[in-house]
Amino acid sequence: MIVVDAVIGAWAKFRVSRSLEPSGREDTVDLDELCAQLREVFVRRAGGDAASRFALPESLRSWIELAGATAWSDPDGWVWLGAARDLARMIDERCDMLGIEVPARRELWLVIGSWSDAHDWMICVDRGSSRFGVVADWNDTHPWWDASAEPERTWPDLVAFFARADLDEESEEDDA
């Protein structure tokens, strides 16, 4: 229950500070069905062992239950958070767009949103990784596209990501 409460508070602050509004139908999400869809896509894209490595971090599960299936965006379309119902499709779209046949890096990352035209926010959904649950800002790259690429910024979890003061104009000194 503590994670749920933290997600509720951080999401409310994030949503209000960025003037985010739902931009689609506001359906509920069947988390078991969503996990099955995501697991299928990860196995197809990253190999059979992805089925046992894939898991939704508790904070992401809580946010999906809270925010529903809809996408969220600001009035200018600068900030966007993905619709839960589209997460599996987005994996395929990113891989197709970038020409990724076989991932350069094995960790499982899920795009949960973006800002600007080149920044994707992703959360590590690979329970075999030390970065499981970490949210990262990947600028003009994808962890499956370039094995040596590192994110521009990271946050320990979705709550820390939502709770930060500013989205796109933070200085690197704030990371310390």
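The values are calculated or read from the model by the stated rules, or taken from the named source; none is laboratory data. Just so it is clear, the model here is predicted, and its values are computed rather than measured. Heads up, the Cβs are rebuilt from the backbone with ideal geometry, glycines too, and the neighbour counts pull from every protein chain shown.
Exactly one residue among Ala6, Ala10 is of a type in the set (Gly, Ala, Ser), over 22 Å from Asp96 (Cβ atoms) and within 17 Å of the chain's Cα centre (by Cα), and that residue is Ala10.
Just one of (1) touching a helix residue (DSSP H, G or I) at 6+ places or on another chain (Cβ under 6 Å); (2) without any contact (Cβ under 8 Å) to a residue 24 or more places away in the chain fails for Phe42. It is (2).
The residue list Arg105, Arg85, Arg89, Arg131 contains one member that is among the charged types (D, E, K, R) and in contact with a Phe, Trp or Tyr (Cβ under 8 Å, 6 or more places away or on another chain), which is Arg105. Of the residues screened, Val135 is not one that is crowded, with 21+ Cβ neighbours inside 10 Å and modelled with pLDDT under 80. None of Ala6, Ala51 is modelled with pLDDT of 85 or more, surrounded by fewer than 17 Cβ atoms within 10 Å (Cβ to Cβ) and not in a loop (DSSP other than H, G, I, E, B) except Ala51.
Selection of the range 62-121 for residues being closer than 24 Å to Gly47 by Cα, in a loop (DSSP other than H, G, I, E, B) and small (Gly, Ala, Ser) yields Gly99, Ala104. Among the residues of the range 31-48, those identified as over 14 Å from Leu87 (Cβ atoms) and either of a type in the set (Lys, Arg) or at pLDDT below 90 (or both) are Arg44, Ala46, Gly47, Gly48. On the stretch given as the range 147-162, residues that are crowded, with 17+ Cβ neighbours inside 10 Å and among the aliphatic types (A, V, I, L, M) total 2.
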